[in-house]
């Protein structure tokens, strides 16, 4: 198992580019199941989740050329319809093969998905959407079995107890492209990843309008063709590196910064005392260049996570770490995943004063963070541990960084380019045992 060794207290400066979006690339890859022609995707990030999705597509009969950067996909064997548990369990986004495979191949068998462990994220809305399109649904031995000789358009409401579903919207929208008649999705997810998927599907010949709004209308077509598409930059990676600049009082230029879909985060940055300055006002607001700097005295704020265009839940942990350095009390309320606070205890090990009551935490800022052995628990919590290590005095050891590799392409190399000192290492068994004992001992204390 790989670890990070971080020497804190180093100010970040320099210029880096934001990689392609993981959360966009995964459903885009799945969309290649909707056609027998070649779909070319560019700006695909080099991540373990991407590798697993491509491995799944190969098992589903897709010819895959490339692993990241430029990836070409073409369905060669459309008789393969089983997304096995061995692959699906590694990432929740595997569920997004369900809609495309059902629409094109008339049947899909998909194991119940896995992913980060921070609370229940059921797939009932996905299945409700497929059922509304005329599919028959069964559960057999942990597999979801969905079949339909021909899908038929319908009006589908996709709202859930914590808002709309992004992957559910992607699944239903993809399936509806080949359905007979018109499909209207009400309470659709408005995230930029949905807009990116709609842009690809339209380039393939679909008829979709309203993506990015709560109502999406899809007029079904008989077939889809190939397309060439550039994946949007990753807004969560962009936000994470902006926090890295701020938490080290740095001066960092970020290229390919998706400014237009981070307005809620930028609003909170302004409140805290972090400046995100656009350097190219005339350029594409989804791919612009910004300079991130911060004031020496950071201010507290309140944050409530919400569906897009609200504050993204995937940046909650990173901003919590930043607010540990603000002078005053901050309040963070998690409205999307109320149990998404596994990073709170680890930040406490580094000296943070954080108190949780249900879906809300109070961060009492102003206390310096101290280096310590900490454990990554999920993808974004892992990023918050790295950010804390950048700001802490002494050395921080972060274990289980395989979580990070699911969503950040060699994060240590990017941060080291900016002046950080992060070493990826794999300890000898004796040292790994000592680190595990240090974590366990601190937990008991």
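Each value in this text was obtained by applying a stated rule to the coordinates, not by laboratory testing. Keep in mind that this is a model prediction, so the values were computed, not measured. Here the Cβ positions follow ideal geometry from the backbone for every residue, glycine too, while neighbour counts run over all protein chains shown.
Results, tabulated for the structure shown:
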| quantity | calculated |
| --- | --- |
| Normalised contact order of the chain, rounded percent, pairs of Cα under 8 Å and 6 or more residues apart | 20 |
| Region 22-230 - percent relative contact order, Cα under 8 Å, separation 6 or more | 20 |
| Percent breakdown of C-alpha pair distances by 5 Å bin, ordered from the shortest bin, for region 219-378 | 2, 9, 17, 20, 18, 14, 9, 5, 3, 2, 2, 1, 0 |
| Residue with peak Gaussian network fluctuation, the chain [Cα springs, cutoff 10 Å], from 425, 319, 269 | 425 |
| Measure of compaction for the chain (Cα Rg per 2.2 N^0.38 Å) | 0.98 |
| Pairwise centroid distance, computed over Cα atoms, of region 78-117 with region 176-246, Å | 19 |
| Fewest-first ranking of 222, 2, 124, 256, using other Cβ atoms within 10 Å as the exposure measure | 222, 124, 2, 256 |
| Prolate/oblate/rounded call for region 286-431, Cα gyration tensor, a/c under 1.5 rounded | rounded |
| Cα gyration tensor category, rounded, prolate or oblate, for region 22-230 with a/c compared to 1.5 | rounded |
| Exposure proxy order (Cβ contacts within 10 Å, fewest to most) of 353, 433, 22 | 433, 353, 22 |
| Separation of the residue 59 and residue 11 label points, Cα + 7 Å toward Cβ, nm | 5.0 |
| Sequence-separation-based contact order of region 375-423, relative, with Cα cut under 8 Å and 6+ spacing, percent | 36 |
| Separation between Cα centres of region 386-445 and region 267-290, rounded to whole Å | 30 |
| Antiparallel content of DSSP bridges confined to region 327-445, in %, to 5 | 70 |
| Counting DSSP beta bridges with both ends in the chain, the antiparallel % (nearest 5) | 70 |
| Footprinting exposure proxy for 155, 248 (fewest neighbouring C-beta atoms within 10 Å first) | 155, 248 |
